[in-house]
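The block underneath contains the structure these notes are about, expressed in structure tokens.
Every number here is computed from the coordinates shown, using simple stated rules; none is lab data. Every value quoted in this text rests on a predicted model; they were computed, and no experiment measured them. FYI the Cβ positions are ideal-geometry reconstructions off the backbone, even for glycines, and counts take in every protein chain you see.
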Ligand SMILES: [Zn+2]
């Protein structure tokens, strides 16, 4: 496994020792060809669907049984790391190679390498799994263009794919029974808990709000304190309120951030007249997210009243978190216990292909400890020991589901 990960890391290598394999690029294609070769060598029946998802299959004893699937992605962000995506792809291959030695299984097994998981090139994340689960139409896909002006249909054509056939990539209900993705964690939770592997309970989703505070710009020397409508003073309290509410809901896996603040006119000698800021609230439980958002909005109204500066709230995004299947969480827990592997349940702050696969199959995820929680960076790192533990757990869970 480590040899394969090392070899993958040399494809699209950057001068900063990162991996640069954007979806549908030559580098990505080289890595895909290499990986298809490995899958064939492992006796998988390999096909590539209309959008470029690679599907390797081993038949089971029951021709009517849905597949037990695993997989991840091997495309990267610009100058990315060597583990995000690749670890799950390689772990899935290793698990299927091991399962072939454990005798006949009832269900077929599949290894899926999703295309274009990263949004870096076409500003669309998890495209391959969206196409596989019918969550994106050809019309929308045809509007995507990269920063060099290359439309997605042309980028696909250059690697031998026809976007007109996109709908043939859609899988039907019943084709896949379960899907388990192994991935490096993109936070330091496992590291802080001294654990090599974890079981994901849900994938977080955001509620995002644009906030505009209207004050009155005036001379900082000539405006007495009691005559001011300082939009930034009001905005500061909004920032603190978001932080306080998120802290109050932290036990319910809520996080809240104001990551950007634009002050107008933005001069040292002018009382701020207008401030735009953006609230990013995330959680894995819709009720907790809604409650925290309502609390923030209530606090915003109080702050507006206190300072007499109008505050406009504009909802931008309100996505639903994806809960992992309780059955898969249980199978993973039992498998870990049987193997003597210590784990914990944890949320995923980042999105993954497993999110989309939830509409087709029971889904679960295994997280691997990631040094400093760093990812999308050349220095992201997971240790061979932790990856091996993850493969043990993945193999056992797939076995229990497929036998
Ligand atoms: Zn990833």
Between segment 181-230 and segment 19-78, the alpha-carbon center distance in angstrom: 36
The chain: most fluctuating residue of 72, 251, 383 per GNM, C-alpha cutoff 10 Å: 251
Value of relative contact order over the chain, rounded to a whole percent, pairs C-alpha under 8 Å and six or more apart: 23
Rounded tilt (10° steps) of 326-339 against the dominant C-alpha axis of the chain: 60
In degrees, nearest ten, helix 86-100 long axis to first principal axis of the chain (Cα): 30
Bridge type composition, the chain - antiparallel percent by DSSP, nearest 5: 70
Segments 358-367, 98-107 sorted - mean Cβ within 10 Å per residue, highest first: 358-367, 98-107
Per residue Cα convex hull volume in Å³ - calculated over segment 205-318: 85
Choice from 307, 83, 24 with maximal GNM fluctuation in the chain (Cα, 10 Å cutoff): 307
Over segment 256-403, relative contact order from alpha-carbon pairs under 8 Å, at least 6 apart, %: 17
Net length gained if the chain between residue 102 and residue 219 were fully extended (0.36 nm per residue, minus Cα distance): 34.3 nm
Point-to-point label distance, residue 142-residue 278, nm (Cα→Cβ direction, 7 Å offset): 3.0
Quarter of the Cα convex hull surface for the chain, i.e. its orientation-mean projected area (nm²): 21.7
In nm, spacing of pseudo-spin labels at residue 403 and residue 257 (7 Å Cα→C-beta vector): 4.3
Evaluated at q = 0.16, 0.17 Å⁻¹: base-10 log I(q)/I(0), Debye formula over Cα of segment 48-177: -0.84, -0.93
Chain lengthening between residue 344 and residue 244 when straightened (0.36 nm per residue, less Cα-Cα): 33.3 nm
Helix-only mean residue ellipticity at 222 nm for the chain, each DSSP H run of n ≥ 4 adding -39500 (n - 2.57), per residue, nearest 500: -10500 deg cm²/dmol
Selected from 74, 180, 207 as most flexible by GNM, with the chain as the system and alpha-carbon contacts under 10 Å: 207
Potential extension, residue 268-residue 314 segment - 0.36 nm per residue separation minus Cα distance: 13.7 nm
Part-to-part distance (alpha-carbon centres) for segment 382-403 and segment 86-164, which is given in Å: 22
For segment 87-142: relative contact order, % (alpha-carbon pairs under 8 angstrom, 6 or more apart): 21
Label-point gap, in nm, between residue 302 and residue 191 - each point 7 angstrom along Cα→Cβ: 3.7
Tilt relative to the chain, helix 26-41 - C-alpha long axis, 0 to 90 degrees, to 10: 40
